[in-house]
Structure formats: C-alpha cells, structure tokens
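None of the figures in this text is laboratory data; all of them are computed from the coordinates on show. Being a predicted model, the structure only gives us computed values, none of them experimental. No Cβ is skipped: glycine too gets one built from the backbone with ideal geometry, and neighbour counts run over all protein chains shown.
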Amino acid sequence: MADMENYRAPEMIKRWGAVALGVGAIGLLLWLVGTAMNPEQGLRSWLLAFMFWGGLSVGSLGLLMLQYLTGGAWGVVIRRGLEAGTRTYPLIILFFVPLAIGVYKGWIYSWTHLPPEDPVMIQRGIYMTSWFWIVRGIFYFALFTLMITLLNKWSKAQDETTTLEGAAKYLDKASRFSGPMLVIYTLVVTFAAVDWTLALEPHWFSTMWGLLYVVGWALNTLCFMVVLMSNLIETGPMSSVLGKRHFHDLGKLMLALVMVWAYFNFSQFLIIWAGNLPEETTFYLPRMAGGFGWIGVGLILFHFAFPFLVLLQQDFKRRWKWLAGIAIFVMFMRLVDLFWQIGPTERVMPTTIASGAFHIDWLDLVAPIAIGGIWLWFFFNQLAKRPIVPYKDPFFEGAIEHGHGH
C-alpha cells in the first residue's frame with residue numbers, strides 16, 4: 001500500500017482558498033447592501049448564483065456515483081475532487097436560507113402572490129404553499145446528505161484500511177450503493193429543479209426540466225474538475241498521477257454532455273414548437289425576443305456548436321491547457337443559460353421593468369462572485385483535508401498507467 005504522505009494536497013490549495021474567501025466576502029457585503037435596497041432583485045440574483053454553485057455540489061454527487069457505478073480511470077483521478085465538492089453541501093444548505101426567507105415573505109416567485117381561485121393554485125393545492133416549498137427543500141437536502149455521508153464515510157474507511165481486500169470491500173459497497181441511488185438522485189434533482197427554477201413560471205410546465213439540470217450540473221462539475229486538474233498537473237503529487245489520456249477521457253465526456261444538453265433542449269423546443277399551444281409557448285416567447293433572443297442564439301452557438309466542434313478534435317482534448325480553457329468557457333455559458341432561464345420571469349414587487357424585458361442588474365454579477373468565493377474557499381479546505389487521490393483504491397495504479405499510455 002502507498003504512503004499517505006506522498007499524496008497530500010499541495011499547500012497552494014490553501015492559498016487559493018484564502019484568496020477566494022476574501023473575494024467572496026467583499027461580494028457578499030455588496031450583495032447585502034444591494035438586497036437591502038431591492039430585496040426581490042437581490043434574491044433573484046442569489047437564486048442565479050445558488051443554482052450555479054449549488055449545482056457544482058449536486059453535480060459532484062451525481063458524477064461521483066456515476067464513476068463508482070461505471071468505473072474508469074477518468075473518475076479515479078478526480079474522485080477526491082468530487083468528494084470535496086459533495087462535502088460543500090452544508091454551505092449550500094446555508095445559502096438556501098435567504099431563498100426560504102424570500103419565499104416565506106413573498107419577495108420572490110410569482111406563485112406566492114397568485115389568488116386562491118387561480119387554476120394552478122386550485123389544482124396543486126397544498127403543493128403551492130410557502131411552508132411546503134421549504135419543507136420539500138429540507139427533504140431534498142436530507143436525501144442528498146445521506147448519500148454524501150455514506151460515500152465519504154466509505155472513502156475515508158478505504159484510506160484507513162491496511163489490506164487490499166479491505167479496500168476492495170469499501171469500493172464494492174460504494175459501487176453497489178450508487179446504482180439505485182442514481183435513480184433516486186435523478187428524481188430528487190428533478191423535483192428540486194422544478195421547485196427552484198421552473199416554479200418561477202407557475203403557469204408553464206416541462207417534463208424535460210429535471211433532465212436538463214441533471215445534465216447541466218454534471219457538465220458544469222466536469223468542467224470544474226478539468227480546470228482543477230489542469231492547475232494541479234504541474235505540482236506534486238498530481239504531476240506523477242495525471243496524464244494526457246486522463247484529459248482525453250474527460251474531454252470525451254465533456255463532448256458527450258454538451259451533446260446531450262443540446263439534444264434535451266432541442267427536443268423540448270421542437271415538441272412545443274410543433275404543438276403550438278398558447279399554454280406551452282409562454283416560456284419561449286419572451287426568450288426569443290430582444291436581448292434574451294440574442295442570448296438564446298448565443299447559447300446555440302457557444303454552449304453547443306463551438307464546444308462541439310472544438311472537442312471533436314482528438315489532439316485538443318489531450319492538451320490540458322487548451323481543454324481547461326474550453327472548460328472555463330463552457331462554465332461561463334452554463335451561467336448564461338441559467339440567467340436566460342431566470343431573467344425573463346415575472347417579478348412580484350412593483351418595478352419599472354416590464355415582464356420579460358431584458359435587464360441585467362449589477363447584483364447578477366455580484367451574487368455569483370459572493371457565493372462562488374465562499375464556495376471555493378470551503379471546497380479547497382475540504383480538498384486539503386484528505387489525500388488528493390484514492391491511493392488505496394485497487395484500480396489506482398492501473399488508472400495512473402492508463403493516463404500515461406499512448
């Protein structure tokens with residue numbers, strides 16, 4: 001068995017965390033000032049940031065279970081990064097509190113102001129009440145926390161075992177657990193996505209919404225892991241672990257998720273366009289006009305077409321600096337996509353901004369910086385607490401050899 005001291009995270013990770021915390025704290029102060037002046041805009045911007053950075057925590061859990069279920073060298077080398085991402089979950093629960101307060105006070109989500117005789121309120125009944133919305137959120141967090149706790153417990157136990165049989169036992173536990181839990185995970189993400197973003201359009205519905213977030217969060221998380229690994233490959237111990245084939249595999253998975261994201265979005269649009277029913281087109285009409293229309297075109301070109309064409313090239317995927325560059329670009333487009341979903345939705349407080357009108361507020365920039373800085377600080381601290389790779393995994397040595405092959 002390898003020595004744990006050989007696989008400790010480099011000290012620079014803590015410096016990254018300190019810088020991120022400083023930036024996040026400044027962003028949080030600015031957000032608090034802006035929210036005090038305009039609570040609804042502050043919460044809408046907070047929701048944007050929450051769905052982006054919270055998606056990294058949830059996406060880490062999904063990719064972690066996918067890796068346990070399917071295997072592969074790509075997942076072994078990023079497993080500890082994914083585990084650290086899942087352990088940021090207490091922070092995401094804390095970030096949920098402002099949204100819960102906003103729903104309770106009626107400062108966000110137009111359904112909190114719908115009259116009781118509205119068909120939506122009549123048909124959905126207790127489901128469309130503030131207190132039940134908060135209870136469902138707590139339930140989602142409880143299920144995610146259970147999955148995260150067990151997977152991290154078995155991972156830590158694998159590090160502490162002294163035999164190959166013991167290491168294999170904990171790997172088998174995690175693998176068997178991940179199969180059925182991935183089904184539950186997909187269902188929970190679906191319900192959470194409907195509650196947190198689709199509910200902004202209470203009179204519109206989508207059967208594809210949950211899958212869009214399952215794929216979108218997985219893609220965002222994978223891109224983040226590529227950026228992380230690209231910044232660690234020249235520093236020990238990852239310099240002796242990572243190889244070109246690891247990045248090639250991660251690039252192929254990025255390409256697959258980009259295509260699936262585009263397929264799901266196109267399928268949803270095509271079905272609604274073909275049906276041409278007023279109750280179904282309400283989502284797309286404001287998003288196909290004005291500034292949001294241009295953003296929609298930009299998503300087609302730069303969230304799908306450009307990454308798709310670039311990632312088709314085999315040599316590109318083997319160059320970690322280039323792959324990290326496209327990963328950062330895709331992460332930015334993921335944030336733009338979330339803004340495209342949230343921005344045109346109806347506001348609940350008196351405002352000069354017409355429903356569906358294009359508007360970018362300075363808080364839309366500050367909130368992601370605030371949550372992002374704090375999230376990164378917490379993530380880097382979690383990453384530094386354990387060995388940066390699962391060095392006792394039975395497939396670890398094979399994963400290293402795979403990455404350095406031709």
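Annotations for the structure displayed:
- Annotation: average projected area of the chain is 19.4 square nanometres, based on the convex hull of Cα atoms across all directions.
- Label-point separation, residue 256 to residue 15 (7 Å along Cα→Cβ), nm: 3.7 nm
- When the charge dipole of the chain is built from unit charges on Cβ atoms (+1 for Lys and Arg, -1 for Asp and Glu) and taken about the Cα centre, the candidate among 28, 374, 131 whose Cα reaches farthest toward its positive end is 374.
- Assigned charges on the beta-carbon of Lys, Arg, Asp, Glu; the chain dipole about Cα centre (debye): 720 debye
- Simple label model, 7 Å out from Cα along Cβ direction - residue 6 to residue 157, nm: 2.6 nm
- Rounded to 10°, Cα long-axis angle of helix 39-70 versus longest principal axis of the chain: 40 degrees
- Calculated FRET efficiency, residue 150 to residue 354, Cβ-Cβ distance, R0 = 60 Å: about 0.80 to the nearest 0.05.
- Reach of residue 153 by Cα under 16 Å, taken over lysines that are not fewer than 8 positions away in the same chain: 169, 173, 385, 392
- With each label modelled as a point 7 angstrom along the Cα→C-beta vector, the residue 131-residue 294 pair spans 4.7 nm.
- Here the Karplus relation 6.51 cos²θ - 1.76 cosθ + 1.60, evaluated at θ = phi - 60°, turns the backbone of the range 261-270 into coupling constants of 4, 5, 4, 4, 5, 5, 4, 4, 5, 4 Hz, with x for every Gly and Pro.
- Acute angle (nearest 10 degrees) that the helix 12-37 long axis makes with the longest principal axis of the chain, alpha-carbon atoms: 10 degrees
- Dipole-positive endmost among 60, 113, 266 within the chain (Cβ charges, Cα centre): 60
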